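Student: The structure is given below, and queries will be raised subsequently.
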Amino acid sequence: MVEQQRLTREPRKILITGGAGFIGSNFVHHWCDRYPGDRVVVLDALTYAGNRKNLAGLEGRANLRFVQGDICDRPLIDALLQEEAIDVVAHFAAESHVDRSILGPDAFVRTNVIGTFTLLEAFRQYWNASDQPAHYRFHHVSTDEVYGSLGADDPAFSETTPYAPNSPYSASKAGSDHLVRAYHHTYGLPTLVTNCSNNYGPYHFPEKLIPLMCINILMGKPLPVYGDGQNVRDWLYVGDHCSALDAVIHRGRPGEMYNIGGNNEVKNIDLVNKLCDLMEELAPELPVRPCHQLITFVKDRPGHDRRYAINATKLKTEIGWTPAETVESGLRKTVQWYLSNQDWWQPLLSPEYQAYYKQVYTSV
Ligand code: NAD
Ligand code: TYD
């Protein structure tokens, strides 16, 4: 049964939304490297989080097209699906930062809910008008945060854990997941949903935990740890996420959801200490040594989820995927990347970024 539903490896036409963001751009690099014969269309609105430089090295490729546009723009989506004869949609575009969703939830509901709905409607109409080839897919990239928060001894999230989102970000992602599920159930649309744990790696926007700590260490600035620093996240190297998405697009069963995790549960304070150790080892010079003394406990995030943990057994047994990186190997690569790519992140510390920073870290 599963074999029958596998995609054959014909050259494909894939529409990647949010492909100039952190995970989306890593996925574009992954797909172009792995499947050079495929047509890749990237649709991205280039919000504060989108950056053409994330696609460096791919400029001038004949079968890559970049379109700056909004996933809420239905005529644009209709035109792209038809002009490009798209057979796979890989949907990453989203407002993705919990702290920003607390400051201003509107954009989260618009992009994550209305934007996903717009894509689904467009894809449904396009798919209905086609002869509904077996290899068409609508892959929705989601998060483990839809499941809510775990206590220290609770079992990890599985695909049957009830949704209990706690932030405007996770609630808007949960809404989009439910729409995708309903489009499969009601209309038979060949959808896939993956719910992944916290990613890290190259092209991660500087306001997220890991890049923020690396950059602040390099600048000798305080390292703001929310609350008591005992919150736990499961960290997955972004390259592993991309290989998992590739595996699910090719071998996942339409209508199913799959959890993706790194088997790397770490407390925030332990993660920050690991980053300090790595920076001390790898950075040629630092303004403050030992940089651990920069660690500063700050006011907690409102509604801060205590622990996320992923049970990825379904992905392992059904699809045969497991992560390649440990948190040690992945963090080392990541720190090295931020040290070697200062000209990527320096321009992102813009006045807008500084204003955001001031708003969130009033107590630092
Ligand atoms: P990101 O914020 O780095 O990138 C989002 C991209 O979407 C940006 O390039 C932005 O310009 C684009 N975008 C935003 N609104 C848009 C719109 N209306 N139309 C078109 N493009 C728009 O996010 P990310 O961390 O790369 O996350 C990608 C996806 O993965 C999201 O759906 C997120 O929920 C999910 N996810 C993220 C993580 C994580 O740890 N970062 C973990 C699990 C799942
Ligand atoms: P984040 O990267 O925002 O991911 P998420 O909240 O979606 O899991 O944050 C990861 C963890 O790090 C989260 O528990 C919040 C915490 N955190 C801090 O302690 N300090 C910070 O400055 C940031 C950005 C996050």
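Student: Too long at a 32 Å Cα-Cα cut-off: which of LYS53/LYS316; LYS314/LYS358; LYS53/LYS274; LYS208/LYS314; LYS13/LYS314?
Tutor: Pairs exceeding the cut-off: LYS53/LYS316; LYS314/LYS358.
Student: Sort 136-142, 85-91, 10-16 for me by packing, meaning the mean count of neighbouring Cβ atoms within 10 Å per residue, highest on top. Provide the component values of the computation, followed by the final result.
Tutor: Working: 136-142: 23.4, 85-91: 21.6, 10-16: 19.0.
Top of the packing list down: 136-142, 85-91, 10-16.
Student: Karplus couplings for region 273-280 from phi (6.51 cos²θ - 1.76 cosθ + 1.60, θ = phi - 60°), rounded to Hz, Gly and Pro as x?
Tutor: Along region 273-280, the couplings run 5, 4, 5, 4, 4, 5, 5, 4 Hz.
Student: Now for a separate question. At 222 nm, what helix-only mean residue ellipticity would the chain give, in deg cm²/dmol to the nearest 500, using -39500 (n - 2.57) for each DSSP H run of four or more?
Tutor: Mean residue ellipticity, 222 nm, calculated: -11500 deg cm²/dmol.
Student: Now for a separate question. Return one number: the angle in degrees, 0 to 90 and rounded to the nearest 10, between the long axis of the Cα atoms of helix 238-251 and the longest principal axis of the Cα atoms of the chain.
Tutor: Approximately 20 degrees, to the nearest ten.
Student: Could you work out the local net charge near LEU339, counting Lys and Arg as +1, Asp and Glu as -1, over the other residues with Cβ closer than 15 Å to its Cβ?
Tutor: Summing Lys/Arg as +1 and Asp/Glu as -1 gives -3.
Student: Shifting gears a bit: Considering only protein heavy atoms and a probe of 1.4 Å, how much of the accessible area of region 47-134 is carbon and sulfur, as a whole percent? Display every interim value, and only then the final one.
Tutor: Numbers: 2070 of 3940 Å².
In region 47-134, the share of accessible area belonging to carbon and sulfur is 53 percent.
Student: Sticking with the crude label model, points 7 Å out along Cα→Cβ, report the distance from ALA79 to THR326 in nm, one decimal please.
Tutor: Inter-label distance under the simple model: 5.2 nm.
Student: Rounded, prolate or oblate: which fits region 286-328, taking a ≥ b ≥ c as square roots of the Cα gyration tensor eigenvalues, rounded meaning a/c under 1.5, else prolate when a/b beats b/c?
Tutor: Taking the square roots of the gyration eigenvalues as a ≥ b ≥ c, region 286-328 is oblate.
Student: Using θ = phi - 60° and the Karplus curve 6.51 cos²θ - 1.76 cosθ + 1.60, what whole-Hz ³J(HN,Hα) does each residue of region 129-134 get, with Gly and Pro shown as x?
Tutor: Along region 129-134, the couplings run 7, 8, 8, 6, x, 5 Hz.
Student: Counting only residues 5 or more places away or on other chains, whose amide H sits under 5 Å from the amide H of VAL42 once H atoms are built in the peptide plane?
Tutor: ILE16, ARG65, PHE66, VAL67
Student: Shifting gears a bit: So, for the chain, what is the accessible surface per residue at a probe of 1.4 Å, expressed in square angstrom?
Tutor: Solvent-accessible surface per residue comes out at 41 Å².
Student: Could I have the simple spin-label model distance between LYS53 and ARG306, label points 7 Å from Cα toward Cβ, reported in nm to one decimal?
Tutor: 4.1 nm
Student: Hey, another quick one. Give me, ordered by chain and number, the residues 5 or more places off LEU192 or on other chains with an amide H under 5 Å from its own placed amide H.
Tutor: PHE138, HIS139, HIS140, GLY255
Student: Stretched out fully, how many nm does the piece from ASP131 to GLN336 gain, at 0.36 nm a residue minus the Cα gap?
Tutor: Between ASP131 and GLN336, full extension yields 69.0 nm more.
Student: Given Cα positions, please report Rg to Rh for region 127-170, the hydrodynamic radius being the Kirkwood one.
Tutor: 1.22
Student: So, one more: Suppose we keep just the DSSP beta bridges with both residues in the chain; what percent of those would be antiparallel, to 5?
Tutor: Here the share of antiparallel DSSP bridges comes out near 10 percent.
Student: Would you kindly state how much longer the chain becomes between SER158 and GLN68 on full extension, computed as 0.36 nm times their sequence separation minus their alpha carbon distance, in nm to one decimal?
Tutor: Here the segment from SER158 to GLN68 would lengthen by 28.8 nm.
Student: Taking Cα centroids, how far is region 298-362 from region 125-177 in Å?
Tutor: If you average the Cα positions of each part, the centres end up 20 Å apart.
Student: With N denoting the number of residues in region 277-364, provide Rg(C-alpha) divided by 2.2 N^0.38 Å, to two decimal places.
Tutor: So region 277-364 has a normalised radius of gyration of 1.50.
Student: If you don't mind, another one. Using square roots of five times the C-alpha gyration tensor eigenvalues, list the equivalent-ellipsoid semi-axes of region 71-156 in whole Å, biggest first. Spell out each step's value before the answer.
Tutor: Details: eigenvalues 187, 64, 14 Å².
One finds semi-axes of 31, 18, 8 Å for region 71-156.
Student: Jot down the radius of gyration and Dmax of the chain, Cα atoms only, both in angstrom.
Tutor: Considering the chain through its Cα atoms, Rg and Dmax are 20.0, 64 Å.
Student: Using amide H atoms built 1.01 Å from N in the peptide plane, name the residues 5+ places from ILE295, or on other chains, whose amide H lies under 5 Å from its own.
Tutor: LEU223
Student: I would also like to ask the following. Using a 10 Å cut-off on Cβ atoms, rank the peptides 316-323, 175-182 from the highest mean neighbour count down.
Tutor: The packing order, highest mean first, is 175-182, 316-323.
Student: How large is the Kirkwood hydrodynamic radius of region 103-149, counting all unique pairs of alpha carbons, in Å?
Tutor: 12.9 Å
Student: Once you list every other residue whose beta carbon is under 10 Å from the beta carbon of GLU159, what net charge do they have if Lys and Arg are +1 and Asp and Glu are -1?
Tutor: 0
The values are calculated or read from the model by the stated rules, or taken from the named source; none is laboratory data. Computed from a predicted model, the values in this text were never measured in an experiment. Cβ sites come from the backbone with ideal geometry, for glycine too, and all protein chains shown count toward neighbours. With ligands, DNA and RNA removed, areas are computed over all heavy atoms of the protein, side chains included. Shrake-Rupley method; radii C 1.70, N 1.55, O 1.52, S 1.80 Å.
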